[in-house]
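Contents: one structure, followed by commentary.
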Amino acid sequence: MNNIHWDKIYTERASTTVSWYCDHDETSLQLLDEMDLKPQDAIIDVGGGASTWVDDLIGRGFSRISILDLSAAALAVTQQRLGKYPGTVKWIVGDVLETPLPQATFSLWHDRAVFHFLTDKKQRQRYVQVLSEALKPGGHVIISTFAEDGPTQCSELPVCRYSPEQLRSEFGTLFTLISHNHVIHRTPAGKKQAFTYCHFQII
């Protein structure tokens, strides 16, 4: 994946104007609140660069948060916003398919709209491998992608669209699908985009 593309976006545009921006990821927060996680449990937000989800995690008392993103410019937006929480968040610039992550560490893996950019089957297989190695036994996954009736492109890049059943097939037998939601996201420009949200748990 190309960090130059995403750095350019976050250098030239305000983070609150990109199509995927939302004030609060309410669906992810609802799924989080249904889990029996403790404040000391480790959480990673994949592609969370300029997202506000970390703000809500901190607001819920979580203190072991990692944010992984291709774009240093996107991470800088959040670093500036969260300047008063220097010890709460670990910032990781890198590609999720290539960046070394601690093994069997995370109680929750959160991904809002990264997986659907993996249009090559080998990329998706690698993603699932990295995910399964990084999660603790019994760890949770919240993943959202464009739904079957969602856009075919994002930020001029092609994407794959998924139903819950298709995501379950991609993740394989190591993961149990706990719940799923079809969510309509309204972009800052007022357009509607359909997302599939899935909550998985690793066996």
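The values are calculated or read from the model by the stated rules, or taken from the named source; none is laboratory data. Not measured: the values here are computed from a predicted model. Cβ atoms come from the backbone with ideal geometry, glycine included; neighbour counts cover every protein chain shown. Each accessible area value is taken on the protein alone, full model and side chains, heavy atoms only, with ligands, DNA and RNA left out. Shrake-Rupley method; radii C 1.70, N 1.55, O 1.52, S 1.80 Å.
Laid out as a table, the results:
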{"quantity": "Other-chain or far-sequence residues with amide H under 5 Å of ALA147's (modelled H)", "calculated": "TYR162, ALA194, PHE195, THR196"}
{"quantity": "Calculated [θ] (222 nm, deg cm²/dmol) that DSSP helices of n ≥ 4 give over the chain, each run adding -39,500 (n - 2.57)", "calculated": "-8000 deg cm²/dmol"}
{"quantity": "Calculated log₁₀ intensity ratio I(q)/I(0) where the Debye formula runs over C-alpha points of segment 97-138, q = 0.19, 0.27, 0.30 Å⁻¹", "calculated": "-0.58, -1.02, -1.13"}
{"quantity": "At 0.890 mPa s and 25 °C, Stokes D of segment 136-203 from Kirkwood alpha-carbon radius, µm² per second", "calculated": "192"}
{"quantity": "Normalised alpha carbon radius of gyration of the chain [divisor 2.2 N^0.38 Å]", "calculated": "0.94"}
{"quantity": "Equivalent ellipsoid, segment 39-107 (semi-axes from 5 times Cα gyration tensor eigenvalues, Å)", "calculated": "17, 16, 9"}
{"quantity": "Of all accessible heavy-atom area on the chain, the percent that carbon and sulfur account for (1.4 Å)", "calculated": "49"}
{"quantity": "Unit Cα scatterers, Debye sum, segment 88-162: log10 I(q)/I(0) for q = 0.20, 0.25, 0.26 Å⁻¹", "calculated": "-0.95, -1.27, -1.31"}
{"quantity": "More than 21 Å apart - percent of Cα-Cα pairs taken over segment 26-142", "calculated": "34"}
{"quantity": "Given LYS8/LYS136; LYS8/LYS191; LYS90/LYS136; LYS38/LYS121; LYS121/LYS191, the pairs whose alpha carbons are separated by over 25 Å", "calculated": "LYS8/LYS136; LYS38/LYS121; LYS121/LYS191"}
{"quantity": "Cubic angstrom per residue, convex hull over Cα atoms of segment 1-42", "calculated": "136"}
{"quantity": "Point-charge dipole on Cβ atoms (K/R +1, D/E -1) for the chain, about Cα centre, debye to 20", "calculated": "180"}
{"quantity": "Net charge of Cβ neighbours under 12 Å - reference LEU75; Lys, Arg +1; Asp, Glu -1", "calculated": "-1"}
